[in-house]
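Report on one structure; see the data block that follows.
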C-alpha cells in the first residue's frame, strides 16, 4: 500500500511542476499588442525587445513603410512574418552606409540583392554580415529572433 501511495505521488509530481527556467510563451494576441504599442520612429518602424536569453533574444517589429538597409556584423536574424506583407531584399551591396551602434550598419538602399515576397507565416534566415532591407507598402508585423554570433 505504501508503494502505491509513493508511486501515485511520483506520477502526480510532473503535473504540479512549473515551467522550466528560461521557458517563455507569447500568444499571437501578445505579439500583435506589442507591435501596436511600439512607438514608430522616423523610419516608420516600432520595435519592442520582448526578451533576451543569453546569446539570443526576441524582437517584435511593426512597420508602416520601407525600412533602411541593415547589416548586423554579429547577429543572425530569424524573421517570422506575423501579419501584413512586404518584400525582403537580401544580399547585394548596401548604398550610403553609416554605423549606428557597435556592430550595426544602416544604408539608404541595396543594389544587386534578391527580392522575396513576405506574407504571414513566412520565415527568413539572414546570416550575419548580409545586407537586407524590407520594403513595406502598407504595414507589416514581424517577430525576429536575434542570435549573437560572437
Going fewest to most other Cβ atoms within 10 Å around each Cβ, 140, 40 line up as 40, 140
Order these by the 10 Å Cβ neighbour count, fewest first: 139, 115.
115, 139
Mind pulling the angle between the C-alpha long axis of helix 2-16 and the longest principal axis of the chain? Nearest 10 degrees, somewhere in 0 to 90.
20
Measure nothing but the geometry: give the 0 to 90° angle between the long axis through the Cα atoms of 28-37 and the longest principal axis through the Cα atoms of the chain, rounded to 10°.
40
Mind jotting down a quarter of the surface of the convex hull over the alpha carbons of region 26-148, in square nanometres, one decimal?
6.9
Rule-of-thumb check for region 50-91: C-alpha Rg over 2.2 N^0.38 Å?
1.31
At a threshold of 8 angstrom on Cα-Cα distance, excluding pairs fewer than six apart, so keeping six or more, what relative contact order does the chain reach in percent?
29
Residue-averaged [θ]222 nm for the chain, counting only DSSP H segments that reach four residues, each worth -39500 (n - 2.57):
-5000 deg cm²/dmol
Quick check on the exposure proxy: order 124, 23 from fewest to most C-beta atoms within 10 angstrom.
23, 124
Part-to-part distance (alpha-carbon centres) for region 23-69 and region 88-115, which is given in Å:
20
Of 37, 17, 29, the one that fluctuates the most in a GNM where the chain has Cα springs shorter than 10 Å
17
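Any read-out appearing in this document is the output of simple, stated calculations on the displayed coordinates, not a laboratory observation. All values reported here derive from a predicted model rather than from experimental measurement. So basically every Cβ, Gly included, is an ideal-geometry build from the backbone, and we count neighbours across all protein chains shown.
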